[in-house]
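Everything on this sheet refers to the single structure shown next.
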């Protein structure tokens, strides 16, 4: 829009509103929203007559319907080679389009390639009206009743409004004269995402003019993780006009990761090739609070599954294998968070007689045991572990993990840590250097509840059972493996999104 400081990034962005022109007038200062006013009509506009005419239906004593008609129009407000469009040209780019491109309301007007803002208008008395809520622009067309035609849009509708008052001041959008040969290379702009992106984002690219659709193919759009260059496959969806392209990654992007989009070898409808274009954005870290602790989400480079970035109860993600701030809590297998998981919780030798919740006598206490109970904390009521396995498989937030997450199976842990093509860990350093950044948090002993091995080795529970035991992954200075463990042990828990 003439006099705008910037293109629109939001429908109510004031920097993109531009000037407010009385119909048919020159670009001479009257279009500034707070320009001086005058009640005196004029015969013709001049470069120096910058007052806004108020109090009349017309600003000129001479009615002239062609003041804005064509690039050579006497009062053309547009840059060289551009002109004020007719109302039909405006409708061809808005309400006459089909599908998602059809401009049916204020939001669609902003989402269109024209990025039309809701700039409001300046009333014939000089006062601004509906700024940020309503949009309307002039065309150059005058109907057979002498009314100038405008295109308006609000939250629910869009339509042509014939205006008998030419002193009403509206924004103007210019169009390039189609009689001039197009030798200008097109440009591109990514309008989504503009800041932190969600991991399921679609990328919207606007071109400055209609493009050669044959060049808007996937091969000419490259999306990669930065800086390692891992490619991301995208599906390319074209709009009817060839102005807008939506790129849809075929898989969810990684959390907290930088991506670079490159566009090359694309041409406009006249055959002008666009210079290579690059755009970089960062996905969100997926930060959230659970039981008073902050967690972020991390995406596996091997399975593309989403995990928590730290052990349950940890104050931070690990900075070293022996970082005490990332050890987290020590859960007895299948047990919910009731306080027993704290490293210094009191102990009791009383067996649990119920699972969720445990009875009051053992609530918040670490249950020690012996071979009499198969080294289990709830042997009598869940000897095969099926009740507790089901409990740790819950994804509604009522078990140990946040809503949407659960304790992984042993196969899911192996797929990230041991299987061919995974992290393939052999020791505690490998465990820490994996994307899960597993610490050597040690364990809490089944027999006494004492802490063992902190900073030396680590162990993580799975949700899988094997007879009277349950599976875990463990690692130390010279080993890494999965095995069966006593259910009364207190081990780390790392949650997986279901």
Starting from residues that are surrounded by fewer than 16 Cβ atoms within 10 Å (Cβ to Cβ) and over 21 Å from the mean Cα position of the chain (by Cα), keep the ones in the stretch 275-292 and report whichever is farthest from residue 342 (Cα to Cα). 275
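Output yes when any residue across the stretch 321-338 is surrounded by fewer than 21 Cβ atoms within 10 Å (Cβ to Cβ), at pLDDT 95 or above and farther than 24 Å from residue 448 by Cβ, and no when none is. Before you say what the answer is, go through the steps one by one.
Just the residues of the stretch 321-338 that are surrounded by fewer than 21 Cβ atoms within 10 Å (Cβ to Cβ), to begin with: 322-325, 336-338.
Among the residues that remain, those that are also at pLDDT 95 or above are: 322-325, 336-338.
Add one more test, that the residue is farther than 24 Å from residue 448 by Cβ, and what stays is 323, 325.
Yes, the conditions are met somewhere in the stretch 321-338.
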Which one is modelled with the lowest pLDDT, of the residues in the stretch 208-225 that are part of a strand (DSSP E or B) and surrounded by 16 or more Cβ atoms within 10 Å (Cβ to Cβ)? 211
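Okay, residues lined up against (1) touching a residue at least 24 places away in the same chain (Cβ under 8 Å); (2) touching a helix residue (DSSP H, G or I) at 6+ places or on another chain (Cβ under 9 Å); (3) farther than 29 Å from residue 297 by Cα:
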residue	(1), (2), (3)
177	yes, no, yes
189	yes, no, yes
193	yes, no, no
200	yes, no, no
210	yes, no, yes
229	no, no, no
245	yes, no, yes
Take the residues in the stretch 304-320 that are at pLDDT 95 or above and out of contact with any strand residue (DSSP E or B) (no Cβ under 9 Å at 6 or more places or on another chain), then tell me which one is surrounded by the most Cβ atoms within 10 Å (Cβ to Cβ). 318
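Does residue 422 fit the bill of being modelled with pLDDT of 95 or more and either assigned to a strand (DSSP E or B) or touching a strand residue (DSSP E or B) at 6+ places or on another chain (Cβ under 9 Å) (or both)?
no
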When residue 151 is evaluated against the numbered criteria (1) at pLDDT 95 or above; (2) surrounded by fewer than 15 Cβ atoms within 10 Å (Cβ to Cβ), which criterion, by number, is the only one it fails? (2)
Identify all residues within the stretch 253-268 that are crowded, with 16+ Cβ neighbours inside 10 Å and part of a loop (DSSP other than H, G, I, E, B); write none if there are none. 253, 254, 255, 256, 257, 266
Failed item in (1) surrounded by 20 or more Cβ atoms within 10 Å (Cβ to Cβ); (2) in contact (Cβ under 8 Å) with a residue 60 or more places away in the chain; (3) more than 16 Å from residue 175 (Cβ to Cβ), with residue 63 passing the rest: (1)
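From 498, 484, which residue is surrounded by fewer than 17 Cβ atoms within 10 Å (Cβ to Cβ) and without any contact (Cβ under 8 Å) to a residue 24 or more places away in the chain? Quick ask: steps written out before the conclusion?
Details: 498 fails: without any contact (Cβ under 8 Å) to a residue 24 or more places away in the chain.
It is 484.
I'm checking my understanding of the structure. Among residues of the stretch 422-433 that are in contact (Cβ under 8 Å) with a residue 12 or more places away in the chain and touching a helix residue (DSSP H, G or I) at 6+ places or on another chain (Cβ under 9 Å), which one is farthest from residue 474 (Cα to Cα)?
As a first pass, look at the stretch 422-433 and keep what is in contact (Cβ under 8 Å) with a residue 12 or more places away in the chain: 422-423, 425-432.
Within this subset, residues satisfying the condition of being touching a helix residue (DSSP H, G or I) at 6+ places or on another chain (Cβ under 9 Å) are 422-423, 425, 430-431.
Numbers: 422: 16, 423: 14, 425: 10, 430: 12, 431: 9 Å.
Step by step, filter the stretch 422-433, then rank; the result is 422.
Hey, among 436, 413, which residue is out of contact with any helix residue (DSSP H, G or I) (no Cβ under 9 Å at 6 or more places or on another chain) and buried (at least 21 other Cβ atoms within 10 Å of the Cβ)? Reasoning before the result, please.
Working: 436 fails: out of contact with any helix residue (DSSP H, G or I) (no Cβ under 9 Å at 6 or more places or on another chain).
One residue alone meets the criteria, 413.
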Tell me whether the stretch 380-394 contains one or more residues that are crowded, with 21+ Cβ neighbours inside 10 Å and within 25 Å of residue 319 (Cβ to Cβ). no
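Out of all the residues in the stretch 293-325, which are part of a loop (DSSP other than H, G, I, E, B) and within 19 Å of the chain's Cα centre (by Cα)?
Here is the first cut: in the stretch 293-325, the ones part of a loop (DSSP other than H, G, I, E, B) are 296, 300-305, 309-323.
Answer for the stretch 293-325, where residues must be part of a loop (DSSP other than H, G, I, E, B) and within 19 Å of the chain's Cα centre (by Cα): 296, 304, 305.
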Those residues that are in contact with a helix residue (DSSP H, G or I) (Cβ under 9 Å, 6 or more places away or on another chain) and over 18 Å from residue 461 (Cα atoms), I need them from the stretch 380-397; list them, please. 380, 381
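Pick from 352, 285, 275: which is in a loop (DSSP other than H, G, I, E, B), at pLDDT 95 or above and more than 30 Å from residue 369 (Cα to Cα)? Before the answer, list the steps.
Values: 352 fails: more than 30 Å from residue 369 (Cα to Cα); 285 fails: at pLDDT 95 or above.
Unique residue meeting the criteria: 275.
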What is the one condition in (1) without any contact (Cβ under 8 Å) to a residue 24 or more places away in the chain; (2) farther than 25 Å from residue 293 by Cα that residue 375 does not satisfy? (1)
For residue 49, only one of the following conditions fails: (1) in a loop (DSSP other than H, G, I, E, B); (2) closer than 20 Å to residue 171 by Cβ; (3) touching a strand residue (DSSP E or B) at 6+ places or on another chain (Cβ under 9 Å). What is its number? (2)
Test for residue 447: is it part of a strand (DSSP E or B) and in contact (Cβ under 8 Å) with a residue 12 or more places away in the chain: no
Quick one: would you say residue 361 is free of Cβ contacts under 8 Å to residues at least 40 places away in the same chain and crowded, with 20+ Cβ neighbours inside 10 Å? no
So, in the stretch 23-51, exactly how many residues are within 20 Å of residue 147 (Cα to Cα), modelled with pLDDT of 90 or more and crowded, with 18+ Cβ neighbours inside 10 Å? 4
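Run down 194, 201, 190 and say which single residue is buried (at least 17 other Cβ atoms within 10 Å of the Cβ) and in a loop (DSSP other than H, G, I, E, B). Steps first, answer last, please.
Working: 194 fails: buried (at least 17 other Cβ atoms within 10 Å of the Cβ); 190 fails: in a loop (DSSP other than H, G, I, E, B).
One residue alone meets the criteria, 201.
The values are calculated or read from the model by the stated rules, or taken from the named source; none is laboratory data. All figures in this text were calculated on a predicted structure; none of them were measured in a lab. FYI the Cβ positions are ideal-geometry reconstructions off the backbone, even for glycines, and counts take in every protein chain you see.
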